[in-house]
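Please read the structure below before turning to the comments.
The values are calculated or read from the model by the stated rules, or taken from the named source; none is laboratory data. Since the model is a prediction, treat every value here as computed from it, not as a measurement. Every residue, glycine as well, gets a Cβ built from its backbone with ideal geometry; the counts of neighbours run over all protein chains shown.
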Amino acid sequence: MRIAGNIGIAVSILYLPWWFSVIFIIGVCFSVPKFYEAVVYGILIDALYGTKFGLYGFSYVFTGVFIIIFLVLSVIRRRLSW
Amino acid sequence: MIYLKRSNTALKKSRKVTAIVVFFLIVLYAVHFFFPRFYPSIFYPLAGFAWTAEKSVVGWFSRAGNTIKSKSNLTLENERLTAEIRSNEISLLLLESLRRENEELKAALGRKPEGDVILAVVLVRPPVSPYDTIIIDRGTRDGLEAGNMVYALGDALIGEVTEVYAGKSKVAFFSTPGKKTNIAFDDSSTRAEATGRGGGNFSAVAPANSGIKEGDTVIFPDIEPHVFGIVGKVVVDSADSFSNIFFRSPANIHDIRFVEVRISP
């Protein structure tokens with residue numbers, strides 16, 4: 001599941017709209033325990049597509065967003081049982 | 001009875017692994033922070049191959065789709081396009097004569113734009129790129145430098161080159177959210193500062209009595225003025241002496257396949 005998720009996310013970052021990658025990463029963070037790779041993908045998106053100016057002057061939007069997604073979903077995942 | 005709690009080795013191990021992973025992530029981030037060109041210089045050659053392959057696959061499907069279009073649709077489209085071409089040809093005749101006259105006048109005054117224009121293929125564009133950026137297939141090998149202006153549809157100024165690698169470059173659109181650019185309104189010669197709103201959209205503030213109206217052309221003030229946008233909406237508050245102007249680039253940034261880059265001589 002982890003490997004399939006990684007392949008899917010890498011492909012979506014290169015070919016699919018950015019919002020698809022975000023949804024995909026949220027999904028994988030939910031289903032795979034401690035999916036640290038989410039942060040790596042955030043850094044990768046910022047490096048590949050971002051500029052010094054970023055969005056409203058902040059260059060590391062996706063790194064920040066994916067760290068938050070990872071932390072929030074880790075907490076939610078721990079408190080849920082299925 | 002009192003039992004001594006056993007040390008939880010599994011928990012300790014898990015924490016150790018987490019600490020190592022967090023440290024590794026911090027190192028990855030630090031590399032990107034201090035050396036922002038490092039990851040793109042590794043990933044662009046790898047991803048570049050994938051992007052080119054993707055374009056050819058998508059292009060094949062697109063061509064296959066066109067061949068199965070109905071004949072009647074094609075005939076109608078052909079007629080419409082022929083009429084449009086005729087109308088455009090008449091406009092172009094006038095435009096060409098004005099452009100020649102403009103160039104002659106500038107040459108007589110010793111002012112002319114410098115540099116050559118090269119064509120580049122867009123490998124990645126929004127919405128794949130979440131920032132208002134595109135990646136093109138030209139780089140330092142073709143003479144590109146950071147700061148080169150980028151045009152679409154021949155004369156529409158859309159952005160500038162921000163990062164250049166051997167065979168790829170990153171172009172940031174002027175419509176990047178929050179980015180400010182000096183512009184002028186062609187019909188009223190009012191100058192203003194445009195603020196990017198993403199996706200080829202801009203907003204600007206100009207005096208309410210400047211006479212700017214919907215459909216006016218926004219230009220980038222330069223020795224050779226370029227089309228920057230078309231005014232879509234002017235919002236005037238009766239209590240305010242300024243009006244909010246909303247305009248968008250004439251080029252659809254989600255649909256750009258080629259761009260022109262003006263390189264320095």
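Tally time: how many residues in region B:141-150 are surrounded by 18 or more Cβ atoms within 10 Å (Cβ to Cβ) and away from every other protein chain (no Cβ under 14 Å)?
3
Take residue B:168 and decide whether it is basic (Lys, Arg) and outside the structural domain of residue B:235 (by TED's automatic domain parsing).
So residue B:168 fits the description; yes.
With the condition kept exactly as written, say whether any residue in region A:72-82 is at the interface with another protein chain (Cβ under 9 Å from one of its Cβ atoms) and part of a helix (DSSP H, G or I).
Within region A:72-82 (the criterion being at the interface with another protein chain (Cβ under 9 Å from one of its Cβ atoms) and part of a helix (DSSP H, G or I)), the answer is no, since none of the residues qualifies.
Among B:191, B:138, which is more than 14 Å from every other protein chain (Cβ to nearest Cβ), of a type in the set (Lys, Arg) and free of Cβ contacts under 8 Å to residues at least 40 places away in the same chain?
B:191
Taking region A:7-23 as the region of interest, how many residues are touching an Asp or Glu at 6+ places or on another chain (Cβ under 7 Å) and under 21 Å from residue A:64 (Cβ atoms)?
Here the count works out to 0.
Please identify the pairs in which a residue from region B:25-53 that is more than 7 Å from chain A (Cβ to nearest Cβ) has its Cβ atom under 6 Å from the Cβ atom of a residue that is surrounded by fewer than 13 Cβ atoms within 10 Å (Cβ to Cβ) and assigned to a helix (DSSP H, G or I), counting only partners at least 6 apart or on another chain.
Partner pairs satisfying both residue conditions: B:31/B:38.
Are there helices (runs of 4 or more DSSP H) fully within region A:2-57 with at least 3 residues that are surrounded by 19 or more Cβ atoms within 10 Å (Cβ to Cβ) and at the interface with another protein chain (Cβ under 7 Å from one of its Cβ atoms)? List them.
So the answer is A:37-49.
Hey, residue B:131 hits all of (1) at the interface with chain A (Cβ under 10 Å from one of its Cβ atoms); (2) part of a loop (DSSP other than H, G, I, E, B); (3) farther than 21 Å from residue B:194 by Cα but one; which does it fall short on?
(3)
Can you give me the ranges of the strands (runs of 3 or more DSSP E) entirely in region B:151-260 with at least 2 residues that are exposed (fewer than 15 other Cβ atoms within 10 Å of the Cβ)?
In region B:151-260, B:180-185, B:191-198, B:201-207, B:226-236 are the strands (runs of 3 or more DSSP E) which contain 2 or more residues that are exposed (fewer than 15 other Cβ atoms within 10 Å of the Cβ).
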